[in-house]
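K.L.:
The structure under discussion is supplied below as structure tokens; questions concerning it will follow.
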Amino acid sequence: MDRQQAPPWVHITLILFLLSLGGAIEIPMDLTQPPTITKQSVKDHIVDPRDNILIECEAKGNPAPSFHWTRNSRFFNIAKDPRVSMRRRSGTLVIDFRSGGRPEEYEGEYQCFARNKFGTALSNRIRLQVSKSPLWPKENLDPVVVQEGAPLTLQCNPPPGLPSPVIFWMSSSMEPITQDKRVSQGHNGDLYFSNVMLQDMQTDYSCNARFHFTHTIQQKNPFTLKVLTNNPYNDSSLRNHPDIYSVAKECLVFLGQPSDSAFAGFGKAAGPIICCASEPSPTPDIAWYKKGGDLPSDKTKFENFNKALRITNVSEEDSGEYFCLASNKMGSIRHTISVRVKACAIYICLPCLSAAPYWLDEPKNLILAPGEDGRLVCRANGNPKPTVQWMVNGEPLQSAPPNPNREVAGDTIIFRDTQISSRAVYQCNTSNEHGYLLANAFVSVLDVPPRMLSPRNQLIRVILYNRTRLDCPFFGSPIPTLRCPFSVCCVRCSIVRFKNGQGSNLDGGNYHVYENGSLEIKMIRKEDQGIYTCVATNILGKAENQVRLEVKDPTRIYRMPEDQVVKRGTTVQLECRVKHDPSLKLTVSWLKDDEPLYIGNRMKKEDDSLTIFGVAERDQGSYTCMASTELDQDLAKAYLTVLADQATPTNRLAALPKGRPDRPRDLELTDLAERSVRLTWIPGDDNNSPITDYVIQFEEDQFQPGVWHDHSKFPGSVNSAVLHLSPYVNYQFRVIAVNEVGSSHPSLPSERYRTSGAPPESNPSDVKGEGTRKNNMEITWTPMNATSAFGPNLRYIVKWRRRETRETWNNVTVWGSRYVVGQTPVYVPYEIRVQAENDFGKGPEPDTIIGYSGEDYPRAAPTEVKIRVMNSTAISLQWNRVYSDTVQGQLREYRAYYWRESSLLKNLWVSQKRQQASFPGDRPRGVVARLFPYSNYKLEMVVVNGRGDGPRSETKEFTTPEGVNGTKLGKQMVENFSPNQTKFSVQRADPVSRYRFSLSARTQVGSGEAATEESPAPPNEAPGEQSIWNVTVLPNSKWANITWKHNFRPGTDFVVEYIDSNHTKKTIPVKAQAQPIQLTDLYPGMTYTLRVYSRDNEGISSTVITFMTSTAYTNNQADIATQGWFIGLMCAIALLVLILLIVCFIKRSRGGKYPEVPWRTDTSFLIILSVCLAFSYWPVREKKDVPLGPEDPKEEDGSFDYSDEDNKPLQGSQTSLDGTIKQQESDDSLVDYGEGGEGQFNEDGSFIGQYTVKKDKEETEGNESSEATSPVNAIYSLA
């Protein structure tokens, strides 16, 4: 029995505009404020020469800022260059080369200025460079001769590129060089051999450089190895090659070149320290140590087969001496590396390395009230020590107008008694010879009383004993300080929380108040329910807000379903009784094998149980009861085992009671390898039922500790198995034995075994990009599990860029399963990539997914709306479509809102309830039906996207003409059809009128019961522009044939989308000419909704139709027509009748005493008559479900077909509507000898009544005798 509690309720966290932990102050956008740079290109901006150049610069402010640029410190006049443009409402530069030009002409240093009346903000100085892929210099390489067992280094020396190329080694036949702890590639691209072996001569070695932007690979001439051996009888003996390739005999040390990212002081990653073992064969093992202490296990990582040690998040205690020890059975050698960490940077072996500036204290925006004091601090470090330069609004501070309230003290600017005139944007530029840092920080002087930023009187519902947080976001100037105790009144400002109107200090114990005003309740109790009031005050006033907290009881399954073992054909009941909070709506659903359970005819679902009647083998599996409310859920699982019919025991042992097997024991792991292990166990007692299977499960302690997963299944005849493992998983195994009775209890867990790590081999699935607001895009994906992580610190590299702009990729590293891109334009397509990465490397190149930013409400309404009254209950509409750029999203439909204003009948009250008619897709016309006759109506049109309705069009008025009381019936038409006709087409008189059909079969006796159907309701549109209409569904029990009409060009792709009553959605892509389409794997007796839409434009869709499959055909009794005894009986009767007829004929020909009747002496007639008597009521097998044949082509002019495929006659039947049987060769008919159908068969097949002479037959056939007597009378006269 597994049980899982759903995650606790977490209420929506409001946007905070306060100084959160480590965050910056944000001013609400409705208040005036200087500009702030929100997005800019990287400092070293390398671009692809084949693409247009995009240099980003975006800023916010109130009023909105304007932008200008400098290039190489001079004003850049965009208007003079036709290739350069600036995006609207942005400072982003776009340089277009579609009409010619060389990208190299635009290389240089660019800087963006964003300005409004309160100040000017600056971007970084962006160095624009065009990517270059230089050619590899040609060189002739002599064969490398080396002694067997000696170390060797093959140098790559790739040509310098921009950016630097990626290095990898391959053979000249493009086979990758296998790397291990003996042969590996260094950080500088060289190939290192710890010791050379004879097998290394079997291939050559070529260094390859892959350049990023041009996607080109350049190959160096290959090295050829000649390995000399000590074997005197070998051609490669040392005696033949006295001059060999010299190699180093000392430990090699590689120091990573310092950079802004690798060497940036405390908290940054150190460069790798690489030790390449050079001792002879066998290949040594490498281990790392630190003198005087242990390696910091949480910050170290081994790379390149232990040849590299990387230290992350460096701090001063990481200083010291590290040494790598290379050892094999011949001995050992070690090499020592000194590491020193100082505030300026990281030092390895050498004196203090050079380092670009890095922040110690970055200046933050300063919000002051008039008369307040404040300061801006700009502290940075580097080697050499960087200098600090202050600027104001982009100009050096020295040249700015003097300000008596401002004082500069080195890296600090002090403001005293600030006034409104002090508002400006200050820049701090700190630089040394290795780089620079630039930061903007504005000084805003505001006089604002406190204001609450969250909705008022929120209701938050939480589950008992869970954790929750109540937020109180607010803003004011002076900024409220939250450091004073709640029980003490602050002089400057204060924030106080009340519960149920009683002031109290809610900090401590079960409560915790954060600096931003949020109140956290660690464990919700019943007494915590109530109203919480947050009050913020400053010298200008106060503001308060209330939050009502309701505590709900958790949902619990107190009687859970139990594991059961039942026999096939019996009835089983699974209980699931739930206790929940009565104020919450409870939903109980069932899963089978973790999939939604379809409740068929054999199942009955009640509030507290699930009953299965006539259990079958397919019902075996796990059943999960899921009880859920809108706040929480509870799960309980049980396993149902179905036993097959048991044979009668033939021996004493078989008669013994059977039970589940005992648990396996003594698990042992052997044959430990990097990607596999052998698991051995001792089976338990099978308890008189042979063990059929062993299920091996595993548990890992990183992602889901304590949760067991199925790994593999093996036959019951084995007790040892080799298990294939995933990298970097700390495995623990257990075994479950299975027999026909059920499963054993799990064995005790094995010991743990951790596999080594590797880069991911896959990327996350189900990547989507959708806007949740009009100015963002949320990128989500399904996170990878433990067996696909392959290494520690699994993270995701999220990349995105605007589609079709060819701008550079934006990227960010995320540890969760979502990332929100902010400040996006409204509804634009983005290319999205999500790539997995762990500490061992990156996963494969991800697929590109197309996502869209958020939608906004449409800005325009349909125009030129025209109404034409078609009849008393319908109108046709025509309008001008809106421009695509005004939709601001995906156009879902045009929608008409209409209401009945009044009736033309006096004193008749009418309902003015607004109704609507939808017209999916981008179309210019439609039909509104089901109106009231003789009434005044008003109508408005809107365009609808995913966000909602746009503005309404001009209100139109129209009047419907008089109708009739009830349904107006037209002229009745009657058509007669041949017996085998099953289809009839009617040409519509107009696109609105409906038709009623009555169809009945008629024989000579009369007409049977009529089947009545009405034609489908008229579609909402007449086919004009590209559209889909007249979708027809012909369902059966397990499949359905789908056809439709359209006016798309040939070869257009469509998608058929259908949803069952369990809300399971499926889609089928089809071609336009591939009709009809058959939907398979449907469930009998289930209701489905279906629509057809264009694959290129989902907005062009048919109307949604609903259909239901027929119930499954079951034949509970044997078909009598296939029974041998019945066939024999019919043959005997036929033979007996034939003999009697022959005797009758012989006697008459001899002058027997029989009435003188005209008689046909045609022997074939006697045979036909006897066969008809024997088989005229032969049981016909009921029609089975067979696929429908192809439909006849529908008319393209609005006609429709009416047919009943389930009432087709048998093949070969020629029955006509007047009851006769059409003859193929003879003109005789058995019916011609009867009167009105009096003769019939009983249920046992005996014949009642007799045929009589039909006078009409005699009158029309003059060649027949006028005294003809029924041949059946002759038969009866023999009796």
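The values are calculated or read from the model by the stated rules, or taken from the named source; none is laboratory data. Treat the numbers as computed from the prediction; the structure is a model and nothing was measured. Positions of Cβ are generated from backbone atoms using ideal geometry, with glycine treated the same way; all protein chains shown enter the neighbour counts. What goes into the accessible areas is simple: the full protein's heavy atoms, side chains included, and nothing from ligands, DNA or RNA. Shrake-Rupley method; radii C 1.70, N 1.55, O 1.52, S 1.80 Å.
K.L.:
Take the stretch 756-777 and flag every residue that is within 13 Å of the chain's Cα centre (by Cα) and not in a loop (DSSP other than H, G, I, E, B).
P.N.:
Selection gives Ser765, Asp766, Val767, Lys768, Gly769, Glu770.
K.L.:
I'm trying to understand the selection: among the residues of the stretch 380-408, which are within 26 Å of Ser477 (Cβ to Cβ), open to solvent by 50 Å² or more (accessible area, probe 1.4 Å) and not in a loop (DSSP other than H, G, I, E, B)?
P.N.:
Glu407, Val408
K.L.:
I'm trying to understand the selection: among the residues of the stretch 832-891, which are of a type in the set (Asp, Glu), open to solvent by 50 Å² or more (accessible area, probe 1.4 Å) and not in a loop (DSSP other than H, G, I, E, B)?
P.N.:
Matches in the stretch 832-891: Glu864, Asp885.
K.L.:
I'd like the full set of residues that are of a type in the set (S, T, N, Q) and assigned to a loop (DSSP other than H, G, I, E, B), limited to the stretch 911-963.
P.N.:
Ser911, Gln912, Asn945, Ser953, Thr955, Thr960
K.L.:
Here are some residues: Val547, Val566. Which one is out of contact with any helix residue (DSSP H, G or I) (no Cβ under 8 Å at 6 or more places or on another chain), assigned by the TED database to the domain that holds Leu597, part of a strand (DSSP E or B) and of a type outside the set (Phe, Trp, Tyr)?
P.N.:
Val566
K.L.:
Right, something else. Being under 30 Å from Arg525 (Cβ atoms) and either touching a residue at least 12 places away in the same chain (Cβ under 8 Å) or outside the structural domain of Phe118 (by the TED database) (or both) is true for just one of Pro455, Pro450, Pro478. Which residue is that?
P.N.:
Pro455
K.L.:
Suppose the filter is out of contact with any helix residue (DSSP H, G or I) (no Cβ under 8 Å at 6 or more places or on another chain) and in contact (Cβ under 8 Å) with a residue 24 or more places away in the chain; does Thr848 pass it?
P.N.:
Answer is no for this residue.
K.L.:
Would you mind stating whether Asn763 is touching a strand residue (DSSP E or B) at 6+ places or on another chain (Cβ under 9 Å) and free of Cβ contacts under 8 Å to residues at least 12 places away in the same chain?
P.N.:
no
K.L.:
On to the next question. Considering each residue of the stretch 693-740, count those that are hydrophobic (A, V, I, L, M, F, W, C), part of a loop (DSSP other than H, G, I, E, B) and surrounded by fewer than 18 Cβ atoms within 10 Å (Cβ to Cβ), and give that number.
P.N.:
Qualifying residue count for the region: 4.
K.L.:
Is there a residue being under 36 Å from the mean Cα position of the chain (by Cα), open to solvent by 50 Å² or more (accessible area, probe 1.4 Å) and modelled with pLDDT of 90 or more anywhere in the stretch 910-918?
P.N.:
The answer is yes, given that some residue of the stretch 910-918 is under 36 Å from the mean Cα position of the chain (by Cα), open to solvent by 50 Å² or more (accessible area, probe 1.4 Å) and modelled with pLDDT of 90 or more.
K.L.:
If you don't mind, there's one more thing I want to ask. Can you say whether Ser788 is open to solvent by 10 Å² or more (accessible area, probe 1.4 Å) and assigned to a loop (DSSP other than H, G, I, E, B), as far as the supplied structure shows?
P.N.:
It is false that Ser788 is open to solvent by 10 Å² or more (accessible area, probe 1.4 Å) and assigned to a loop (DSSP other than H, G, I, E, B).
K.L.:
Among the residues of the stretch 405-427, which ones are under 45 Å from the mean Cα position of the chain (by Cα) and not β-branched (Val, Ile, Thr)?
P.N.:
Gln427
K.L.:
Okay, moving on. What's the number of the only condition in (1) open to solvent by less than 20 Å² (accessible area, probe 1.4 Å); (2) in contact with a Leu (Cβ under 9 Å, 6 or more places away or on another chain); (3) in contact (Cβ under 8 Å) with a residue 24 or more places away in the chain that Asn538 fails to meet?
P.N.:
(2)
K.L.:
When you scan the stretch 51-122 for strands (runs of 3 or more DSSP E) that lie fully inside it, which ones turn up with 1 or more residues that are under 29 Å from Gln33 (Cβ atoms) and either touching a Ser or Thr at 6+ places or on another chain (Cβ under 7 Å) or aliphatic (A, V, I, L, M) (or both)?
P.N.:
The strands (runs of 3 or more DSSP E) meeting that bar are 53-55, 57-62, 74-76, 84-86, 93-95, 108-116, 119-122.
Condition check ((1) modelled with pLDDT of 90 or more; (2) open to solvent by 60 Å² or more (accessible area, probe 1.4 Å); (3) more than 44 Å from the chain's Cα centre (by Cα)) across all residues:
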residue: Gly119; (1), (2), (3): yes, no, yes
residue: Val130; (1), (2), (3): no, no, no
residue: Glu148; (1), (2), (3): no, yes, yes
residue: Val166; (1), (2), (3): no, yes, no
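K.L.:
Also: Can you pull out the residues in the stretch 1076-1109 that are more than 29 Å from Gly600 (Cα to Cα) and free of Cβ contacts under 8 Å to residues at least 60 places away in the same chain?
P.N.:
If the condition is that a residue be more than 29 Å from Gly600 (Cα to Cα) and free of Cβ contacts under 8 Å to residues at least 60 places away in the same chain, then Arg1095, Asp1096 are the ones that fit.
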